[in-house]
1. Quote the relative contact order of segment 7-96 in percent (integer), defining contacts as alpha-carbon pairs under 8 Å separated by 6+ residues.
2. Quick one: 3J(HN,Hα) in Hz for segment 20-25, Karplus 6.51/-1.76/1.60 with θ = phi - 60°, rounded, Gly and Pro as x.
3. Rounded, prolate or oblate: which fits segment 7-96 when a ≥ b ≥ c are the square roots of the eigenvalues of the alpha-carbon gyration tensor, with rounded for a/c under 1.5 and prolate only if a/b beats b/c?
4. Non-local amide H neighbours of F141 (under 5 Å, H modeled in plane, Pro and chain starts lacking H): which ones?
Amino acid sequence: MQTKWPNLDNASIEKLLLNITNEEDFHTLYLLLKAPIYAYSLAILKNKDDALDNVHDVFITLYHESRTYERKNKPLQWIFTITKNKAISKIRKRKPNNSLLEDIGTNVFPKEEDLLFFKGLMEKLKEEEKMILLLHLLWGFKHREIATILNLNLQTVLSKYHRTIKKLKEMEVF
């Protein structure tokens, strides 16, 4: 069930970002980034509706604030920082509700016992481990994309991913 995301090329994204007031460039940027921004928002917010709202808010912010972007050939980092900040603001404004695992629900785990097993397993992982694992295994992000999204070093993402897999093997999950 892995989804392949388009290759997110910083130079192309930066060009689109700098010309975002052009309707065609805005549309292209939206098509390229809506799924990764949604996935990242969902990983943080743990709620489909909030994640969709966050995608909307991020693109409005990108449209209005693109002139403040400083050309450092790191547009994805800038965009995902905006995404994270918007999501954190949403979390602060709402009371806790459905978890990401509830949102995954029967689409991924048709049997309730499988869902309960997965929830129990996720409770044993740290938040960063969960995010790296879900972004890679469930949504198909490459490790370097996860590093960009989480603003981490690629080696850090790789080591945390491998340690998490090892931890799951020790629990005899894999």
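1. Details: 79 pairs, mean separation 31.3, N = 90.
Taking the mean separation of contacting Cα pairs over the length of segment 7-96, I get 35 percent.
2. 5, 6, 6, 4, 5, 5
3. Working: a/c = 1.97, a/b = 1.85, b/c = 1.06.
It is prolate, given that a/c is not under 1.5 and a/b is the larger ratio.
4. H136
No value in this document is a laboratory result; all are computed from the given coordinates. Since the structure is predicted, the reported quantities are computational estimates derived from the model, not experimental observations.
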